[in-house]
Amino acid sequence: MGRMEADLSDFNIDAPRWDQCTFLGRVKHFFNITDPRTVLVPERELDWAKVMVEQSRMGTVPPGTQVEQLFYAKKLYDSAFHPDTGDKMNVIGRMSFQVPGGMIITGFMLQFYRTMPAVIFWQWVNQSFNALVNYTNRNAASPTSVRQMAVSYITATTTAVATAVGMNMLTKRAPPLVGRWVPFAAVAAANCVNIPMMRQQELIQGICVKDRNHNEIGHSRRAAAIGITQVVISRITMAAPGMILLPVLMERLEKLRFVQRVRVLHAPLQVLLSGCFSSKTCGIFPSRIEPGFCSLPVEHRLPWKDGRGTVRDFLSLLVELLDPSPMAGFGL
(Lines give C-alpha, C1' and ligand atoms only; values in the text may rest on other atoms or scores of the structure.)
Protein backbone atom coordinates (compact mmCIF):
# COMPACT_ATOMS: atom_id res chain seq x y z
CA MET A 1 0.00 0.00 0.00
CA GLY A 2 2.77 2.39 0.92
CA ARG A 3 4.47 1.74 -2.40
CA MET A 4 1.26 2.44 -4.29
CA GLU A 5 0.69 5.69 -2.41
CA ALA A 6 4.30 6.74 -3.09
CA ASP A 7 3.78 6.11 -6.78
CA LEU A 8 0.56 8.15 -6.82
CA SER A 9 2.17 11.04 -5.00
CA ASP A 10 4.25 11.64 -8.13
CA PHE A 11 1.38 10.90 -10.52
CA ASN A 12 0.67 13.77 -12.94
CA ILE A 13 -2.97 13.37 -13.92
CA ASP A 14 -2.74 16.10 -16.56
CA ALA A 15 0.12 14.40 -18.41
CA PRO A 16 -1.07 12.62 -21.58
CA ARG A 17 -1.48 8.88 -21.11
CA TRP A 18 -0.07 8.24 -24.57
CA ASP A 19 2.88 9.85 -26.32
CA GLN A 20 1.51 12.93 -28.09
CA CYS A 21 4.59 13.14 -30.29
CA THR A 22 3.35 10.14 -32.27
CA PHE A 23 0.33 9.85 -34.57
CA LEU A 24 -0.89 6.67 -32.86
CA GLY A 25 -0.59 8.25 -29.43
CA ARG A 26 -2.69 11.25 -30.48
CA VAL A 27 -5.33 8.97 -32.04
CA LYS A 28 -5.58 6.92 -28.84
CA HIS A 29 -5.97 10.12 -26.81
CA PHE A 30 -8.70 11.40 -29.14
CA PHE A 31 -10.70 8.18 -29.05
CA ASN A 32 -10.32 8.05 -25.27
CA ILE A 33 -11.95 11.44 -24.68
CA THR A 34 -14.60 10.95 -27.40
CA ASP A 35 -15.72 7.52 -26.19
CA PRO A 36 -19.53 7.72 -26.79
CA ARG A 37 -20.19 5.38 -23.86
CA THR A 38 -19.34 8.19 -21.46
CA VAL A 39 -22.46 10.06 -22.60
CA LEU A 40 -24.47 7.53 -20.59
CA VAL A 41 -22.42 7.91 -17.41
CA PRO A 42 -24.65 9.25 -14.58
CA GLU A 43 -24.08 12.75 -13.20
CA ARG A 44 -23.05 11.34 -9.84
CA GLU A 45 -20.14 9.48 -11.43
CA LEU A 46 -19.06 12.55 -13.39
CA ASP A 47 -18.99 14.58 -10.17
CA TRP A 48 -16.87 11.84 -8.57
CA ALA A 49 -14.45 12.04 -11.50
CA LYS A 50 -14.06 15.80 -11.08
CA VAL A 51 -13.35 15.43 -7.37
CA MET A 52 -10.75 12.73 -8.06
CA VAL A 53 -8.99 14.87 -10.70
CA GLU A 54 -8.92 17.90 -8.41
CA GLN A 55 -7.61 15.83 -5.49
CA SER A 56 -4.92 14.30 -7.68
CA ARG A 57 -3.80 17.76 -8.78
CA MET A 58 -3.47 18.77 -5.13
CA GLY A 59 -1.66 15.56 -4.25
CA THR A 60 -4.35 14.36 -1.85
CA VAL A 61 -5.47 11.13 -3.52
CA PRO A 62 -7.54 8.93 -1.13
CA PRO A 63 -5.60 5.92 0.25
CA GLY A 64 -6.08 2.74 -1.76
CA THR A 65 -6.75 4.56 -5.04
CA GLN A 66 -5.50 2.67 -8.09
CA VAL A 67 -3.78 4.27 -11.08
CA GLU A 68 -6.46 2.89 -13.40
CA GLN A 69 -9.11 4.67 -11.32
CA LEU A 70 -7.32 7.96 -11.89
CA PHE A 71 -7.03 7.29 -15.61
CA TYR A 72 -10.77 6.54 -15.76
CA ALA A 73 -11.60 9.66 -13.73
CA LYS A 74 -9.51 11.79 -16.09
CA LYS A 75 -11.24 10.21 -19.08
CA LEU A 76 -14.66 11.15 -17.69
CA TYR A 77 -13.44 14.61 -16.73
CA ASP A 78 -12.05 15.35 -20.20
CA SER A 79 -15.22 14.09 -21.86
CA ALA A 80 -17.67 16.19 -19.84
CA PHE A 81 -15.92 19.21 -18.29
CA HIS A 82 -14.51 22.33 -19.93
CA PRO A 83 -10.69 22.21 -19.94
CA ASP A 84 -10.31 25.90 -19.01
CA THR A 85 -13.16 26.59 -16.59
CA GLY A 86 -13.82 23.11 -15.20
CA ASP A 87 -17.57 23.63 -15.68
CA LYS A 88 -19.75 20.71 -16.73
CA MET A 89 -20.71 21.08 -20.39
CA ASN A 90 -24.10 20.45 -21.98
CA VAL A 91 -24.48 16.90 -23.29
CA ILE A 92 -24.71 17.74 -27.00
CA GLY A 93 -21.61 19.93 -26.89
CA ARG A 94 -19.44 17.39 -25.08
CA MET A 95 -16.58 15.61 -26.83
CA SER A 96 -18.20 12.28 -25.96
CA PHE A 97 -21.26 13.19 -28.07
CA GLN A 98 -19.24 13.94 -31.20
CA VAL A 99 -19.31 10.39 -32.57
CA PRO A 100 -23.05 9.65 -32.23
CA GLY A 101 -24.03 13.22 -33.15
CA GLY A 102 -21.72 13.28 -36.16
CA MET A 103 -22.87 9.84 -37.29
CA ILE A 104 -26.53 10.83 -37.35
CA ILE A 105 -26.03 14.13 -39.15
CA THR A 106 -23.50 12.78 -41.67
CA GLY A 107 -25.70 9.80 -42.50
CA PHE A 108 -28.74 11.97 -43.17
CA MET A 109 -26.77 14.57 -45.16
CA LEU A 110 -25.50 11.80 -47.44
CA GLN A 111 -28.94 10.21 -47.77
CA PHE A 112 -31.04 13.31 -48.38
CA TYR A 113 -29.02 15.22 -50.96
CA ARG A 114 -31.35 15.08 -53.94
CA THR A 115 -34.04 17.66 -53.08
CA MET A 116 -33.34 21.31 -52.33
CA PRO A 117 -35.40 21.52 -49.09
CA ALA A 118 -33.63 18.45 -47.68
CA VAL A 119 -30.20 19.85 -48.60
CA ILE A 120 -30.94 23.19 -46.94
CA PHE A 121 -32.42 21.57 -43.81
CA TRP A 122 -29.58 19.14 -43.14
CA GLN A 123 -26.87 21.71 -43.83
CA TRP A 124 -28.62 23.98 -41.32
CA VAL A 125 -28.80 21.15 -38.78
CA ASN A 126 -25.10 20.40 -39.26
CA GLN A 127 -24.01 24.00 -38.81
CA SER A 128 -26.29 24.40 -35.78
CA PHE A 129 -24.65 21.35 -34.22
CA ASN A 130 -21.18 22.73 -35.01
CA ALA A 131 -22.10 26.11 -33.53
CA LEU A 132 -23.26 24.50 -30.30
CA VAL A 133 -20.07 22.41 -30.08
CA ASN A 134 -17.89 25.48 -30.76
CA TYR A 135 -19.75 27.51 -28.15
CA THR A 136 -19.53 24.74 -25.55
CA ASN A 137 -15.79 24.22 -26.12
CA ARG A 138 -14.89 27.89 -26.61
CA ASN A 139 -11.52 29.14 -25.40
CA ALA A 140 -12.04 30.79 -22.01
CA ALA A 141 -8.78 32.73 -22.40
CA SER A 142 -10.02 34.35 -25.64
CA PRO A 143 -13.75 34.94 -25.04
CA THR A 144 -15.98 35.30 -28.07
CA SER A 145 -18.94 37.66 -27.89
CA VAL A 146 -22.48 36.56 -28.64
CA ARG A 147 -22.44 38.86 -31.69
CA GLN A 148 -19.29 37.21 -33.06
CA MET A 149 -20.76 33.74 -32.56
CA ALA A 150 -24.01 34.78 -34.26
CA VAL A 151 -22.16 36.26 -37.24
CA SER A 152 -20.00 33.13 -37.49
CA TYR A 153 -23.04 30.84 -37.33
CA ILE A 154 -24.97 32.78 -39.96
CA THR A 155 -21.95 33.05 -42.26
CA ALA A 156 -21.07 29.35 -41.98
CA THR A 157 -24.66 28.27 -42.54
CA THR A 158 -25.02 30.57 -45.54
CA THR A 159 -21.73 29.31 -46.99
CA ALA A 160 -22.70 25.65 -46.54
CA VAL A 161 -26.18 26.10 -48.00
CA ALA A 162 -24.95 28.23 -50.91
CA THR A 163 -22.21 25.71 -51.73
CA ALA A 164 -24.59 22.75 -51.55
CA VAL A 165 -27.34 24.41 -53.56
CA GLY A 166 -24.93 25.80 -56.15
CA MET A 167 -23.11 22.51 -56.65
CA ASN A 168 -26.39 20.58 -56.79
CA MET A 169 -27.45 22.77 -59.69
CA LEU A 170 -24.07 22.39 -61.42
CA THR A 171 -23.98 18.61 -61.04
CA LYS A 172 -27.48 17.82 -62.31
CA ARG A 173 -26.06 16.42 -65.54
CA ALA A 174 -22.99 14.89 -63.88
CA PRO A 175 -22.75 11.21 -62.86
CA PRO A 176 -24.87 10.41 -59.75
CA LEU A 177 -21.75 9.80 -57.65
CA VAL A 178 -20.64 13.41 -58.10
CA GLY A 179 -23.90 14.62 -56.62
CA ARG A 180 -23.34 12.43 -53.56
CA TRP A 181 -20.10 14.31 -52.86
CA VAL A 182 -21.82 17.70 -52.69
CA PRO A 183 -22.42 17.50 -48.88
CA PHE A 184 -18.69 17.06 -48.31
CA ALA A 185 -17.88 20.13 -50.42
CA ALA A 186 -20.42 22.15 -48.42
CA VAL A 187 -19.01 20.97 -45.08
CA ALA A 188 -15.44 21.75 -46.17
CA ALA A 189 -16.38 25.25 -47.35
CA ALA A 190 -18.26 25.99 -44.12
CA ASN A 191 -15.30 24.87 -41.98
CA CYS A 192 -13.00 27.24 -43.86
CA VAL A 193 -15.28 30.11 -42.82
CA ASN A 194 -16.69 29.03 -39.48
CA ILE A 195 -13.54 28.16 -37.52
CA PRO A 196 -11.48 31.30 -38.31
CA MET A 197 -14.50 33.49 -37.54
CA MET A 198 -15.29 31.71 -34.28
CA ARG A 199 -11.68 32.12 -33.16
CA GLN A 200 -10.99 35.53 -34.62
CA GLN A 201 -10.04 36.94 -31.21
CA GLU A 202 -7.08 34.59 -31.15
CA LEU A 203 -6.00 35.89 -34.56
CA ILE A 204 -6.35 39.49 -33.37
CA GLN A 205 -4.85 39.20 -29.88
CA GLY A 206 -2.68 36.11 -30.27
CA ILE A 207 -2.59 32.99 -28.11
CA CYS A 208 -0.55 32.38 -24.99
CA VAL A 209 2.95 31.02 -25.56
CA LYS A 210 4.64 29.19 -22.69
CA ASP A 211 8.12 27.81 -22.12
CA ARG A 212 8.93 24.21 -21.20
CA ASN A 213 8.19 24.99 -17.55
CA HIS A 214 4.69 26.28 -18.44
CA ASN A 215 5.65 29.90 -17.72
CA GLU A 216 3.86 32.42 -19.93
CA ILE A 217 6.29 34.36 -22.10
CA GLY A 218 3.85 36.28 -24.28
CA HIS A 219 1.19 36.03 -26.99
CA SER A 220 1.67 35.11 -30.64
CA ARG A 221 -0.71 35.81 -33.50
CA ARG A 222 1.41 33.68 -35.81
CA ALA A 223 1.00 30.68 -33.50
CA ALA A 224 -2.77 31.33 -33.48
CA ALA A 225 -2.84 31.35 -37.28
CA ILE A 226 -0.90 28.07 -37.43
CA GLY A 227 -3.18 26.44 -34.86
CA ILE A 228 -6.41 27.54 -36.52
CA THR A 229 -5.14 26.40 -39.93
CA GLN A 230 -4.40 22.99 -38.48
CA VAL A 231 -7.88 22.81 -36.94
CA VAL A 232 -9.49 23.58 -40.31
CA ILE A 233 -7.40 20.93 -42.06
CA SER A 234 -8.17 18.39 -39.32
CA ARG A 235 -11.92 19.05 -39.42
CA ILE A 236 -12.04 18.60 -43.19
CA THR A 237 -9.89 15.46 -43.22
CA MET A 238 -11.93 13.98 -40.35
CA ALA A 239 -15.05 14.27 -42.49
CA ALA A 240 -13.35 13.11 -45.69
CA PRO A 241 -13.21 9.29 -45.28
CA GLY A 242 -16.91 8.88 -44.51
CA MET A 243 -18.22 11.57 -46.83
CA ILE A 244 -16.05 10.52 -49.80
CA LEU A 245 -15.86 6.72 -49.49
CA LEU A 246 -19.38 6.08 -48.16
CA PRO A 247 -21.09 7.52 -51.28
CA VAL A 248 -18.95 5.19 -53.41
CA LEU A 249 -20.02 2.22 -51.28
CA MET A 250 -23.71 3.21 -51.29
CA GLU A 251 -23.63 3.75 -55.05
CA ARG A 252 -22.66 0.11 -55.45
CA LEU A 253 -24.94 -1.27 -52.74
CA GLU A 254 -28.01 0.46 -54.17
CA LYS A 255 -27.58 -1.49 -57.41
CA LEU A 256 -28.20 -4.73 -55.53
CA ARG A 257 -31.76 -6.01 -55.79
CA PHE A 258 -32.33 -6.75 -52.11
CA VAL A 259 -31.03 -3.29 -51.11
CA GLN A 260 -33.45 -1.66 -53.58
CA ARG A 261 -36.34 -3.37 -51.82
CA VAL A 262 -35.60 -1.84 -48.41
CA ARG A 263 -35.22 1.84 -49.27
CA VAL A 264 -36.57 2.78 -45.85
CA LEU A 265 -33.38 1.36 -44.32
CA HIS A 266 -31.00 3.36 -46.53
CA ALA A 267 -30.78 6.29 -44.11
CA PRO A 268 -30.18 4.14 -40.97
CA LEU A 269 -27.61 2.15 -42.95
CA GLN A 270 -25.70 5.29 -43.89
CA VAL A 271 -25.81 6.48 -40.28
CA LEU A 272 -24.35 3.16 -39.13
CA LEU A 273 -21.70 3.04 -41.85
CA SER A 274 -20.64 6.65 -41.20
CA GLY A 275 -19.71 5.52 -37.68
CA CYS A 276 -17.52 2.79 -39.17
CA PHE A 277 -15.68 5.46 -41.14
CA SER A 278 -14.81 7.41 -37.98
CA SER A 279 -11.63 9.13 -39.00
CA LYS A 280 -8.23 8.76 -37.39
CA THR A 281 -7.07 12.00 -39.00
CA CYS A 282 -7.70 13.78 -35.70
CA GLY A 283 -4.15 12.73 -34.84
CA ILE A 284 -2.48 14.53 -37.74
CA PHE A 285 -1.44 17.50 -35.61
CA PRO A 286 -0.49 17.63 -31.91
CA SER A 287 -2.73 19.69 -29.60
CA ARG A 288 0.35 21.53 -28.36
CA ILE A 289 3.18 22.64 -30.61
CA GLU A 290 6.67 23.91 -29.92
CA PRO A 291 7.04 27.02 -32.08
CA GLY A 292 10.41 27.68 -33.63
CA PHE A 293 12.54 30.43 -32.19
CA CYS A 294 11.69 32.78 -35.05
CA SER A 295 7.92 32.29 -34.71
CA LEU A 296 7.86 34.25 -31.44
CA PRO A 297 7.46 38.03 -31.26
CA VAL A 298 10.78 39.89 -31.22
CA GLU A 299 10.33 41.15 -27.66
CA HIS A 300 10.03 37.58 -26.31
CA ARG A 301 13.17 36.16 -27.89
CA LEU A 302 16.05 38.59 -27.45
CA PRO A 303 19.04 36.24 -27.76
CA TRP A 304 20.94 37.89 -24.93
CA LYS A 305 17.98 37.78 -22.56
CA ASP A 306 18.89 34.51 -20.79
CA GLY A 307 22.43 34.00 -22.02
CA ARG A 308 21.47 31.02 -24.18
CA GLY A 309 21.29 32.71 -27.55
CA THR A 310 23.41 31.45 -30.42
CA VAL A 311 25.03 33.33 -33.28
CA ARG A 312 22.32 31.98 -35.58
CA ASP A 313 19.62 33.30 -33.22
CA PHE A 314 21.20 36.73 -33.21
CA LEU A 315 21.60 36.85 -37.00
CA SER A 316 18.00 35.67 -37.50
CA LEU A 317 16.75 38.41 -35.18
CA LEU A 318 18.92 41.01 -36.93
CA VAL A 319 17.53 39.96 -40.33
CA GLU A 320 13.97 40.43 -39.07
CA LEU A 321 14.71 43.84 -37.57
CA LEU A 322 16.26 45.04 -40.84
CA ASP A 323 13.89 43.35 -43.29
CA PRO A 324 10.55 45.19 -43.75
CA SER A 325 9.10 42.49 -46.03
CA PRO A 326 6.01 40.44 -45.00
CA MET A 327 8.15 37.28 -44.93
CA ALA A 328 10.46 38.69 -42.27
CA GLY A 329 10.82 36.58 -39.15
CA PHE A 330 10.80 33.15 -40.76
CA GLY A 331 14.47 32.67 -39.97
CA LEU A 332 17.49 31.91 -42.08
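Translational diffusion of the range 1-121, estimated by Stokes-Einstein from the Kirkwood radius over alpha carbon pairs at 37 °C in a medium of 0.692 mPa s, is 200 µm² per second. Under 12 Å from a label point set 7 Å out along the Cα-to-Cβ vector of residue 205, no amide N atom of the range 83-119 is found.
Compactness of the range 149-260, taken as the C-alpha radius of gyration over 2.2 N^0.38 Å, stands at 1.46. Annotation: per residue accessible area for the range 23-88 equals 53 Å², rounded to a whole number [probe 1.4 Å, protein chains only]. Close amide H contacts of residue 219 (hydrogens built in the peptide plane, cut-off under 5 Å, sequence separation of 5 or more or a different chain): 209.
On the range 1-146, 62 percent of the accessible area sits on carbon and sulfur atoms, based on a 1.4 Å probe.
What base-10 log of the normalised intensity I(q)/I(0) is obtained for the range 89-182 from the Debye formula, alpha carbons as equal point scatterers, at q = 0.15, 0.16, 0.24 Å⁻¹? Each listed q maps to, in turn, -0.66, -0.73, -1.19.
The mean sequence separation of alpha-carbon pairs under 8 Å and at least six residues apart, normalised by the residue count of the range 23-88, gives a relative contact order of 39 percent.
Which value in Å does the Kirkwood hydrodynamic radius of the range 23-88 take, with 1/r averaged over all unlike C-alpha pairs and then inverted? Answer for the range 23-88: a Kirkwood hydrodynamic radius of 12.5 Å.
The values are calculated or read from the model by the stated rules, or taken from the named source; none is laboratory data. What you see is a predicted model, and the numbers here were worked out from it, not measured in a lab. We place every Cβ from the backbone using ideal geometry, glycine too, and count neighbours over all the protein chains shown. Heads up: the accessible areas ignore ligands, DNA and RNA and are worked out on the full protein's heavy atoms, side chains in. Shrake-Rupley method; radii C 1.70, N 1.55, O 1.52, S 1.80 Å.
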